[in-house]
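Scroll down for the structure; my scribbles are underneath it.
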Amino acid sequence: MDTADIEIFLILAEELHFGRTAERLHLAQPRVTRVIAALEGQAGGKLFERTSRKVRLTPLGARLRDGLQPAYTQLIAAFDDARRAAKDKAGELRIGFTLTTQGEALTRLASAFEADHAGCRAVLSEVDLARPYEALRKGEVDVLVNWLAVDEQDLTIGPTIECRERMLAVGRTHPLAKQRTIDAEVLADYANTGFIQSLPLALVDAIMPRRTPSGRAIRRTQSRGIYEMQDEIARGHSVHPTLANVVAFRRDDIVLVPIDGLPPLPLGLIWCTGHENARIRALADTARQLRSRNGPQGAAAKSRTPT
C-alpha cells in the first residue's frame with residue numbers, strides 16, 4: 001500500500017462517491033475502482049457497500065479509515081517538513097575537517113558561504129583524522145572537507161576547493177632532508193608510515209601509493225596515532241608521504257621535501273548522498289564560484305611552499 005492508494009481510500013470515505021473522488025484526485029474512475037478492490041483484498045473484506053444509488057462505508061471500512069487517517073496525516077506532514085528543510089538555505093551548516101585538511105582554503109570557503117547566503121552560518125568542526133567519514137554518517141557534520149579520493153557508495157564527491165602538492169615528511173637529520181626535491185621512485189627505498197588500517201583504502205592508496213610510477217613496491221607501515229607518526233619521522237625511522245601546508249608536520253625536527261612524479265591531490269567537499277539539502281548545495285555552489293575566480297592553478301600554486 002502506498003500513500004496514493006491511502007489517499008484514494010480516505011477521499012472516497014469522505015465523498016462516498018466514486019465519480020467525485022476521481023474528479024477531486026484528477027484520476028480516471030476505473031483507477032479508483034481498481035485501487036479499492038486491491039485494498040479490500042489486502043484488508044480481507046469489503047470496505048464499501050455499493051448500490052446503484054449509494055456508497056457507504058462498511059464497519060470494516062470505518063475501522064480502517066479511523067486507523068489510517070491520523071497516520072496518513074502525520075506521514076504527509078513529515079514529508080512536507082522534510083521538503084521545506086531540503087529547500088531552506090537558511091540555518092547552520094556543520095563543515096567537518098581533519099588535522100590535515102584545515103587551512104586557508106577552508107576558511108575562505110566558510111567566509112564566502114556566509115557572505116553569499118544571508119541567514120546561513122558555517123560551523124567548522126574537527127573530525128577524527130583516521131576515520132574521516134564516521135562523523136558524516138552519524139550526522140555529526142553535514143559536509144566534510146577532505147581529500148577527494150573516495151570509493152564509498154553512500155558518499156557524494158563535491159567540488160574541489162584547492163589542489164595540494166605532494167610532499168615527503170622526513171626527520172631533519174634524514175639523508176633526504178637537504179634535498180630540494182625528491183623523485184617518487186625514492187619512496188621504495190624507505191618505510192612509509194601512515195594510518196593504513198583505519199583510513200579508507202582509496203584514501204590510503206592516494207596518499208601512500210602501493211608502488212612508485214615505475215612499479216617498484218613501496219613498504220607501508222602502520223601508525224596508531226599522529227604523535228606516534230611524528231616521533232617515528234623525527235627520529236628517522238620512517239618517512240611519510242603527505243601534502244603541502246599540513247600543520248601536523250610544522251615542527252623544527254621535521255622537514256617537508258617536495259615529491260616529483262606524484263600528481264597534486266584535490267581537496268574538496270564530500271557528503272552523504274541521502275543527507276543532501278539546500279545548504280549543502282549552496283556550499284557546493286560557493287566552492288565552484290571560488291574555484292572559478294581563483295582558477296585551477298591558483299590554489300595549487302599557493303600550496304607549493306612547504307610549511
### Message
Ignoring everything except DSSP H segments at least 4 long, calculate the 222 nm mean residue ellipticity for the chain; use -39,500 (n - 2.57) per segment, divide by total residues, nearest 500.
### Response
-12500 deg cm²/dmol
### Query
Which percent of Cα pairs goes in each bin when the distances of the range 37-153 are cut into 10 angstrom slices starting at zero?
11, 25, 19, 12, 12, 14, 6, 1
### Task
Among ALA115, ALA82, ALA22, determine the one that fluctuates most according to a GNM of the chain built with springs between C-alpha atoms less than 10 Å apart.
ALA22
## Note on the structure
In cubic angstrom per residue, the convex hull of the range 166-260 built on its Cα atoms measures 88
### Message
With +1 assigned to the C-beta of every Lys and Arg and -1 to the C-beta of every Asp and Glu, and no other charges, what is the dipole magnitude of the range 166-260 about the Cα centre in debye, to the nearest 20?
### Response
60
### Beta bridge orientation in the range 166-260: antiparallel %, DSSP, nearest 5
60
### Query
Which residue fluctuates the most in the chain, going by a Gaussian network model with Cα springs under 10 Å, if the choices are THR156, THR221, THR58?
THR58
### Query
Can you run phi through the Karplus equation (6.51, -1.76, 1.60; θ = phi - 60°) for the range 264-274 and list ³J(HN,Hα) in whole Hz, with x for Gly and Pro?
x, 9, x, 10, x, 9, 9, 8, 5, 4, x
### Task
Could you run the Debye sum over the Cα atoms of the range 110-218, one equal point scatterer each and no solvent, and tell me log10 of I(q)/I(0) at q = 0.10, 0.13, 0.20, 0.23 Å⁻¹, two decimals?
-0.43, -0.68, -1.18, -1.37
### Query
How many lysine pairs in the chain, separated by 8 or more positions in sequence or lying on different chains, have Cα atoms less than 28 Å apart?
4
### Message
For the range 3-87, I need the span (max minus min coordinate) of the C-alpha atoms along each principal axis, in Å, sorted largest to smallest.
### Response
47, 26, 19
### Message
Which residue fluctuates most in the GNM of the chain (Cα springs below 10 Å): VAL186, VAL143, VAL55?
### Response
VAL55
### Message
How much of the pair distance distribution for the chain lies past 25 Å, counting alpha-carbon pairs only, in percent?
### Response
61
## Note on the structure
Note, the range 102-113: 3J(HN,Hα) by Karplus (6.51, -1.76, 1.60, θ = phi - 60°), whole Hz, Gly/Pro = x, goes 6, x, 5, 4, 5, 4, 4, 5, 4, 5, 5, 4
### Query
So what is the relative contact order for the range 166-260, in percent, with contacts set as C-alpha pairs under 8 Å and at least six apart?
52
### Message
With +1 assigned to the C-beta of every Lys and Arg and -1 to the C-beta of every Asp and Glu, and no other charges, what is the dipole magnitude of the chain about the Cα centre in debye, to the nearest 20?
### Response
460
### Summary
Dipole check, the chain, charges on Cβ (K,R +1; D,E -1), about Cα centroid: among PRO159, ALA149, THR221 the Cα furthest to the positive pole belongs to PRO159
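Using DSSP, restrict attention to beta bridges with both residues in the chain and report what percent are antiparallel, rounded to the nearest 5.
Bridges in the chain that DSSP calls antiparallel: roughly 60 percent.
Readers should treat all values here as calculations from the given coordinates under stated rules, not as data from a laboratory. Note that this is a predicted model, so its numbers are computed, not measured. Cβ sites come from the backbone with ideal geometry, for glycine too, and all protein chains shown count toward neighbours.
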